[in-house]
2 protein chains.
Amino acid sequence: MPAELLHRVTSDIFAAHHVPRHDADRVAHCLVEADLRGVASHGVGRIPIYTERLRRKLVNPAPALTTERAMTVAARVDGDNGLGFVVGTRAMDLAIEIATAHGVGLVLVHRSTHYGMAASYLLQALEAGFCAFAFTNASPAMPIWGGREAFLGTSPFAFAAPGGDGSPPVVVDMAMSVVARGKIRRAMQRGEKIPEGWALDAEGRATTDAKAGYEGVVLPAAGVKGSALSLMMEILAGVLSGAAFGGEVRNQYIDFEQPQNVGHCFLALKPDLFLPRAELAQRMGDLARRAKSGPKAQGVDEILLPGEPEARIAARRRLDGIPLDASELATVIAEADAVKVEVPASLRASADSPPRAMGA
Amino acid sequence: MPAELLHRVTSDIFAAHHVPRHDADRVAHCLVEADLRGVASHGVGRIPIYTERLRRKLVNPAPALTTERAMTVAARVDGDNGLGFVVGTRAMDLAIEIATAHGVGLVLVHRSTHYGMAASYLLQALEAGFCAFAFTNASPAMPIWGGREAFLGTSPFAFAAPGGDGSPPVVVDMAMSVVARGKIRRAMQRGEKIPEGWALDAEGRATTDAKAGYEGVVLPAAGVKGSALSLMMEILAGVLSGAAFGGEVRNQYIDFEQPQNVGHCFLALKPDLFLPRAELAQRMGDLARRAKSGPKAQGVDEILLPGEPEARIAARRRLDGIPLDASELATVIAEADAVKVEVPASLRASADSPPRAMGA
């Protein structure tokens, strides 16, 4: 599936839900970018939940984003319950604008919704030549360390810095849970055990039984450490911004009563504050070369820096297309059909034909 | 050992090494604060390495700290190879000063040295009413993910936010290694196995053998996640600041050829940018209450937020004194004697008497 084709259909779907074209394009860009980078969990397969919430008027297709400034370098965006992609993009743009003028820009956001893959906003900052943090809070999915019920989000810690001479940018985008819940589900389906430290059962006991873990909660990465970082994001993105916090962000999949009121925190930072850009590029390149040229752990072919695997997958998929699985493809087509968006024949054809691996 | 007594002797020791009294007091404050908080690894037991490097003129007792400003909210401090405590304190002060005027303050530091317990700088920011990050790079102690030789520092991720109504501040200060190397050494001494994921042996193979792990390298917390965060601190504190980076920060314990050239990155952030302080205190209090009142995992008596265990130990030790072990006490006395600093009789007496637990 060529990325351009997928982008066009996705944008059309959101436009049909009364999202202005410019914003629909940005949403499509973020979703397709996730699929390009191999982050299928944040790709076009998620379209149905966004359109469902648009239909139910829990997400505002054309939010009136308003901005408040405080002191020199801080701003707050009221997301007016718009799509998190649209709100987040505007907020990171503002952080970049402030950092361009003053070195650092901080933008807090309230009344937003699920913003998809955090790396989208990091890439936005990288394109402008900035380092950045992107933090969000989220509906409860993980206990705080010591607890046994979902309280914190599994939202990612996200940081980026521009690449150097011969080295790609560093893009850190990683959930603060030890593992995605989907991995526990797959172990359960295969009848496999899960490693210690992945989950608690419903009674709050450590377990290696996948079914018991799936019925319980997934634990924070590195235990107390992942819990602390998730709490930090809850404070910066939730408490300080005026958004929902402390277990009150609505779960977009199960709560259809109210908008989510997600909070975000974006910080853009000009890297060449004290060293000229050329020297910085040299230093970042040296860092990457030294990191990658050291002796490897057993079983490791190549040392990859954060973001490098995703960038490689994306480069390949930009050329070869995105290998959507049958259910994702069917999802996109169903969403298009539901709002009478034209589906290119090639897309429909590949959904109708049996997968190539089966022979034909 | 009363904290005041320990502070006085420690300050006198540094003053005898030609550290100006004001700075000697700050060094003593940071070291004793670590012992108060139960972080003995960064307490007065470390005095000998700092005085050794002062004697060898690798640490400058009276650095001429110089400051450069860039754009509105960024500054860089040249530490002139001073004690990291002194340089770090000055830099965080500056970050607070800038944040007071503009909302956020960013201060990068180069030509510094080991700065001890990161929480010292967080507490400094909290006293002024600010949220803060404190990052440092450090000499190689941990492989990057995929490598098998020490490359990154185990330096802590450090973040703080002011407390709320009835809740203490949140103080996150945690090394990015899965475990302190000392824990592997103790397992080796006891002939115990270590858990999977703690260490690689010298050939880069995963091991549960404590001796093999001690001779190899300790791994990053949560594998690729701890590695990514440590790399992030290397970029912010090392690459951007102009300090040594990428394996070139000197190890203060084994390299007596050159100053360390450690880099730091401090960011202070005014919390009440958009919500009044009283409302924020209410929200932080709510967050703490909700987090702590949830159902607990099996075997957990109380859910504690980051920094809470250390604050409790410190409150107790401020009243009851610090239980230094015999070797720490002997170290302090030897350091005092070496520079003819007066040691209070009570301190010398408790070093001479057998430990109370042995009876007497």
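The values are calculated or read from the model by the stated rules, or taken from the named source; none is laboratory data. What you are looking at is a predicted structure, and each value in this text was computed from that prediction instead of being measured. Here the Cβ positions follow ideal geometry from the backbone for every residue, glycine too, while neighbour counts run over all protein chains shown.
Here A:ALA150, A:ALA134, A:ALA158 are screened, and the one residue that is in contact with a strand residue (DSSP E or B) (Cβ under 6 Å, 6 or more places away or on another chain), part of a strand (DSSP E or B) and farther than 21 Å from B:ALA221 by Cα is A:ALA134.
To keep it simple, each residue is scored yes or no on (1) away from every other protein chain (no Cβ under 14 Å); (2) closer than 30 Å to B:ALA180 by Cβ.
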residue: B:GLY43; (1), (2): yes, yes
residue: B:ARG53; (1), (2): yes, yes
residue: B:VAL59; (1), (2): yes, yes
residue: B:ALA64; (1), (2): yes, no
residue: B:ARG69; (1), (2): no, no
residue: B:ALA74; (1), (2): no, no
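Among the residues in segment A:248-256, are any crowded, with 18+ Cβ neighbours inside 10 Å and facing chain B (nearest Cβ under 7 Å)?
Residues of segment A:248-256 that are crowded, with 18+ Cβ neighbours inside 10 Å, as a first pass: A:249-250, A:252.
Now narrow it down to the ones that are facing chain B (nearest Cβ under 7 Å): none.
No; the residues of segment A:248-256 include none that is crowded, with 18+ Cβ neighbours inside 10 Å and facing chain B (nearest Cβ under 7 Å).
Please indicate, with yes or no, whether at least one residue in segment B:101-108 is farther than 30 Å from B:GLY204 by Cα and out of contact with any strand residue (DSSP E or B) (no Cβ under 6 Å at 6 or more places or on another chain).
The initial filter retains those residues of segment B:101-108 that are farther than 30 Å from B:GLY204 by Cα, namely B:101-108.
Cutting the leftovers down to out of contact with any strand residue (DSSP E or B) (no Cβ under 6 Å at 6 or more places or on another chain) gives us B:101-102.
Yes, some residue in segment B:101-108 is farther than 30 Å from B:GLY204 by Cα and out of contact with any strand residue (DSSP E or B) (no Cβ under 6 Å at 6 or more places or on another chain).
Among A:VAL39, A:VAL32, A:VAL87, A:VAL59, which is out of contact with any Gly (no Cβ under 8 Å at 6 or more places or on another chain) and of a type in the set (A, V, I, L, M)?
Working: A:VAL32 fails: out of contact with any Gly (no Cβ under 8 Å at 6 or more places or on another chain); A:VAL87 fails: out of contact with any Gly (no Cβ under 8 Å at 6 or more places or on another chain); A:VAL59 fails: out of contact with any Gly (no Cβ under 8 Å at 6 or more places or on another chain).
Checking each option against the conditions leaves just A:VAL39.
When residues in segment A:219-247 are screened for being small (Gly, Ala, Ser), more than 7 Å from every other protein chain (Cβ to nearest Cβ), in contact with a Ser or Thr (Cβ under 8 Å, 6 or more places away or on another chain) and under 27 Å from A:ILE184 (Cβ atoms), 2 of them pass.
Could you go through segment A:259-277 and let me know if any residue there is facing chain B (nearest Cβ under 7 Å), among the aromatic types (Phe, Trp, Tyr), surrounded by 15 or more Cβ atoms within 10 Å (Cβ to Cβ) and free of Cβ contacts under 8 Å to residues at least 12 places away in the same chain. Within segment A:259-277, one or more residues are facing chain B (nearest Cβ under 7 Å), among the aromatic types (Phe, Trp, Tyr), surrounded by 15 or more Cβ atoms within 10 Å (Cβ to Cβ) and free of Cβ contacts under 8 Å to residues at least 12 places away in the same chain.
Mind listing just one residue for me: the one in segment B:106-131 that is part of a strand (DSSP E or B), of a type in the set (A, V, I, L, M, F, W, C) and farther than 28 Å from B:PRO276 by Cβ and, of those, nearest to the other protein chains (Cβ to nearest Cβ)? Let's see the steps before the verdict.
Restricting attention to segment B:106-131, the residues satisfying the condition of being part of a strand (DSSP E or B) are B:106-112, B:131.
Then drop every residue that is not of a type in the set (A, V, I, L, M, F, W, C), which leaves B:106-109, B:131.
Next, from what is left, pick out any that are farther than 28 Å from B:PRO276 by Cβ: B:108-109.
Numbers: B:LEU108: 6, B:VAL109: 11 Å.
In this case the residue turns out to be B:LEU108.
Consider segment B:27-44 and keep the residues that are modelled with pLDDT under 95 and part of a helix (DSSP H, G or I). The one that is nearest to the chain's Cα centre (by Cα) is B:HIS42. In summary, B:LEU319 fulfils each of the numbered conditions (1) assigned to a helix (DSSP H, G or I); (2) surrounded by 16 or more Cβ atoms within 10 Å (Cβ to Cβ); (3) without any contact (Cβ under 8 Å) to a residue 60 or more places away in the chain with the single exception of condition (2).
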